[in-house]
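**Q** The structure under discussion is supplied below as structure tokens; questions concerning it will follow.
The values are calculated or read from the model by the stated rules, or taken from the named source; none is laboratory data. This one's a predicted model, so the numbers in the text were calculated from it and none came from an experiment. Cβ: placed from backbone, ideal geometry, glycine included. Neighbour counts: every protein chain shown.
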Amino acid sequence: MAITFDPQAATRSLIDGLGAEALAKSEAYTTGNHWLLLWGIVVSAVIAWLVIKSGVLDKVFAKLESRALWLRTLAVAATYLVVSALISLPWSIYTDWYRETQYDRTSQPLGDYLAQGGIGMVISTIIGALFLLALYALIRRTARLWWAWSGALVVGFLAFVLLLSPIVIEPLFNDFQPIPEGEVRDAVLAMAEEADIPEDRIFVFDGSRQSNNFTANVSGIGGSARIAISDVALGEASLDEVKAVTGHEIGHYVLGHVWRSVLVLSGTAILVLFLTAKLYPAAARLFGSKAPIDDIRGLPVLAFVAGALATLASPITNTLTRVGEAEADAYSLETVGLPDALAGALIKTAEYRYPRPGALEEMIFYTHPSVENRILRAMEWKAANLQEAGPSAPAE
């Protein structure tokens, strides 16, 4: 008797197994995150208006009037980044900590969140001020075509940050260690060896410090590239699920998704900054700023316009990441061959990423394919391989 396996029924069963209450909670959390993106534009506008009305950037610029232009630009940029971060702190606490605790997505104490936020502000101020110094030099030197050169600037800074991140930045927030001795380590290192990834590029980190989410990631480029698995994932997953997830991350690593991301983000930056150049004069008048686009004192306007446009352009970058995630899933299925384990790992992410969005919602807001679609692809792979194996193949 021929064995039949229905991928859609299997997918539906897995997701329904979460229960109506868990699905409703996931939907509320995910939909709320979408609204926060849009409210973030409003908050950015308020921040820009407050900074301009305070005149703090004009005061810093005037106080350094006798100094070199590059120093004044750097000082004003750093001032803006610090002041805007402090003004937005209540919003950040609500979105990144309070709301996360309400949905059981984090157990991090507020004090630790604020301490890490302070470290993050220092790092972002240093890197951001240097980037803005280079950007305004580009604006002044290349005049109306500054946006066309911005792609190269973005590539350079992204590569710089990606190179430094695993070595300098990420260890400030988490502890990265080799996977503990045992069957999980043996399995993961065997997979890494097959993909020609050195074993010193595979880590486990205390992701539970900030988040209860089931997650793993690839970071860095070149000699700093590595795969890191959260202790949450290692603690909740079976051995097969760890192997399936590791196969997914190895897919990102081997397929070079980070470089594709850098190139697409560079192209998106050119588009965003081109539109920013066009919209800046009208936005400056609206906010009451008299600074031309090449004047660092107009940074609040430029930052708001570019930030709002980047948010509106997020469907472009989201599409890029969804394609990459689908490719990494396919890599895991083809090389590890554990569709049920991959589905089991994916269903754990449905707690914070609603598994059944509408097609338009997924296209606009989702950085990953929906859990439903990802599991369905895994079940379709399983069905195809069961069929190839013949009627004696087992069915679950």
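**Q** Any residue in segment 177-197 that is without any contact (Cβ under 8 Å) to a residue 40 or more places away in the chain, among the acidic types (Asp, Glu) and not in a loop (DSSP other than H, G, I, E, B)?
**A** Looking through segment 177-197, at least one residue is without any contact (Cβ under 8 Å) to a residue 40 or more places away in the chain, among the acidic types (Asp, Glu) and not in a loop (DSSP other than H, G, I, E, B).
**Q** A further question follows. Note down all Cβ pairs under 7 Å where the first residue falls in segment 260-284 and is more than 10 Å from SER150 (Cβ to Cβ), the second is of a type in the set (Ser, Thr, Tyr), and they're at least six residues apart or on different chains.
**A** Final answer for the pair search is VAL264/THR317; LEU265/THR317; THR268/THR317.
**Q** Which condition from (1) surrounded by 14 or more Cβ atoms within 10 Å (Cβ to Cβ); (2) within 22 Å of ASP295 (Cβ to Cβ); (3) among the aliphatic types (A, V, I, L, M) is the one that LEU36 breaks?
**A** (2) is the only condition that LEU36 fails.
**Q** Let me ask something additional. Among the numbered criteria (1) surrounded by 22 or more Cβ atoms within 10 Å (Cβ to Cβ); (2) closer than 24 Å to ILE316 by Cβ, which one does LEU279 miss?
**A** With (1) surrounded by 22 or more Cβ atoms within 10 Å (Cβ to Cβ); (2) closer than 24 Å to ILE316 by Cβ applied to LEU279, the lone miss is (1).
**Q** If you don't mind, there's one more thing I want to ask. Looking for whichever is in a strand (DSSP E or B) and either among the charged types (D, E, K, R) or out of contact with any Ser or Thr (no Cβ under 8 Å at 6 or more places or on another chain) (or both) here; the options are VAL218, VAL323, VAL262, VAL272. Which one fits? Quick ask: steps written out before the conclusion?
**A** Values: VAL323 fails: in a strand (DSSP E or B); VAL262 fails: in a strand (DSSP E or B); VAL272 fails: in a strand (DSSP E or B).
Step by step, each of VAL218, VAL323, VAL262, VAL272 is checked, and only VAL218 is in a strand (DSSP E or B) and either among the charged types (D, E, K, R) or out of contact with any Ser or Thr (no Cβ under 8 Å at 6 or more places or on another chain) (or both).
**Q** For segment 198-215: of the residues being assigned to a helix (DSSP H, G or I) and either touching a Cys at 6+ places or on another chain (Cβ under 7 Å) or not hydroxyl-bearing (Ser, Thr, Tyr) (or both), which is farthest from ALA343 (Cα to Cα)? Steps first, please.
**A** Taking segment 198-215 as the starting set, the residues that turn out to be assigned to a helix (DSSP H, G or I) are 199-201, 207-209.
From what's left, either touching a Cys at 6+ places or on another chain (Cβ under 7 Å) or not hydroxyl-bearing (Ser, Thr, Tyr) (or both): 199-201, 207, 209.
On the way: GLU199: 26, ASP200: 28, ARG201: 25, GLY207: 22, ARG209: 26 Å.
My answer is ASP200.
**Q** Suppose we filter segment 285-302 for residues that are assigned to a helix (DSSP H, G or I), free of Cβ contacts under 8 Å to residues at least 40 places away in the same chain and under 21 Å from ALA148 (Cβ atoms); how many remain? Reasoning before the result, please.
**A** Of all residues in segment 285-302, those assigned to a helix (DSSP H, G or I) come to 285-287, 296-302.
So of that shortlist, the ones also free of Cβ contacts under 8 Å to residues at least 40 places away in the same chain come out as 285-286, 298, 302.
Still in the list and also under 21 Å from ALA148 (Cβ atoms): 298, 302.
Within segment 285-302, residues that are assigned to a helix (DSSP H, G or I), free of Cβ contacts under 8 Å to residues at least 40 places away in the same chain and under 21 Å from ALA148 (Cβ atoms) number 2.
Yes or no, residue by residue, for (1) assigned to a loop (DSSP other than H, G, I, E, B); (2) more than 27 Å from the chain's Cα centre (by Cα); (3) exposed (fewer than 14 other Cβ atoms within 10 Å of the Cβ); (4) among the small types (Gly, Ala, Ser):
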| site | (1), (2), (3), (4) |
| --- | --- |
| ALA9 | no, yes, yes, yes |
| ALA22 | no, no, yes, yes |
| LYS25 | no, no, no, no |
| ALA28 | no, no, yes, yes |
| ALA45 | no, no, no, yes |
| VAL51 | no, yes, no, no |
| PHE61 | no, yes, no, no |
| GLU65 | yes, yes, yes, no |
| LEU71 | no, yes, yes, no |
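**Q** Which of (1) more than 30 Å from GLY40 (Cα to Cα); (2) at pLDDT 95 or above; (3) surrounded by 21 or more Cβ atoms within 10 Å (Cβ to Cβ) does LEU376 not meet, given it meets every other one?
**A** (3)
**Q** Still on this structure: Report whether or not LEU158 is under 29 Å from the mean Cα position of the chain (by Cα), under 27 Å from THR215 (Cα atoms) and surrounded by 14 or more Cβ atoms within 10 Å (Cβ to Cβ).
**A** Details: under 29 Å from the mean Cα position of the chain (by Cα): yes; under 27 Å from THR215 (Cα atoms): yes; surrounded by 14 or more Cβ atoms within 10 Å (Cβ to Cβ): yes.
In short, yes.
**Q** Keeping to segment 230-245, report how many residues are touching a strand residue (DSSP E or B) at 6+ places or on another chain (Cβ under 7 Å) and farther than 16 Å from ALA350 by Cβ.
**A** Going through segment 230-245, the residues touching a strand residue (DSSP E or B) at 6+ places or on another chain (Cβ under 7 Å) turn out to be 230-231, 233-234, 245.
Cutting the leftovers down to farther than 16 Å from ALA350 by Cβ gives us 230-231, 234.
Here the count works out to 3.
**Q** Consider THR101 against the criteria (1) of a type in the set (Ser, Thr, Tyr); (2) surrounded by fewer than 16 Cβ atoms within 10 Å (Cβ to Cβ); (3) farther than 29 Å from ASN213 by Cβ: it satisfies all of them except one. Which criterion is unmet?
**A** In the conditions (1) of a type in the set (Ser, Thr, Tyr); (2) surrounded by fewer than 16 Cβ atoms within 10 Å (Cβ to Cβ); (3) farther than 29 Å from ASN213 by Cβ, THR101 misses (3) alone.
**Q** Here's a follow-up. Out of all the residues in segment 168-192, which are closer than 15 Å to GLN116 by Cα and in contact with a strand residue (DSSP E or B) (Cβ under 6 Å, 6 or more places away or on another chain)?
**A** Of the residues in segment 168-192, the ones closer than 15 Å to GLN116 by Cα are 168-175.
Passing the criteria: only ASN174.
**Q** With the structure loaded, tell me whether VAL122 is part of a helix (DSSP H, G or I), closer than 23 Å to LEU36 by Cβ, aliphatic (A, V, I, L, M) and at pLDDT 95 or above or whether it fails that test. Working first, answer last.
**A** Numbers: part of a helix (DSSP H, G or I): yes; closer than 23 Å to LEU36 by Cβ: no; aliphatic (A, V, I, L, M): yes; at pLDDT 95 or above: yes.
When the stated conditions are applied, VAL122 does not pass them.
**Q** Given the structure, is ILE87 aliphatic (A, V, I, L, M), more than 18 Å from ASP294 (Cβ to Cβ) and either surrounded by fewer than 15 Cβ atoms within 10 Å (Cβ to Cβ) or without any contact (Cβ under 8 Å) to a residue 24 or more places away in the chain (or both)? Even if it seems obvious, please write down each step before you answer.
**A** Working: aliphatic (A, V, I, L, M): yes; more than 18 Å from ASP294 (Cβ to Cβ): yes; either surrounded by fewer than 15 Cβ atoms within 10 Å (Cβ to Cβ) or without any contact (Cβ under 8 Å) to a residue 24 or more places away in the chain (or both): no.
No: the conditions fail for ILE87.
**Q** Taking the residues in segment 175-188 that are touching a helix residue (DSSP H, G or I) at 6+ places or on another chain (Cβ under 6 Å) and within 13 Å of ILE229 (Cα to Cα) as candidates, determine which candidate is surrounded by the most Cβ atoms within 10 Å (Cβ to Cβ).
**A** Out of the qualifying residues, it is VAL188.
**Q** Does segment 34-41 include one or more residues that are more than 25 Å from the chain's Cα centre (by Cα) and either at pLDDT below 95 or among the basic types (Lys, Arg) (or both)?
**A** Here is the first cut: in segment 34-41, the ones more than 25 Å from the chain's Cα centre (by Cα) are none.
No, that holds for no residue.
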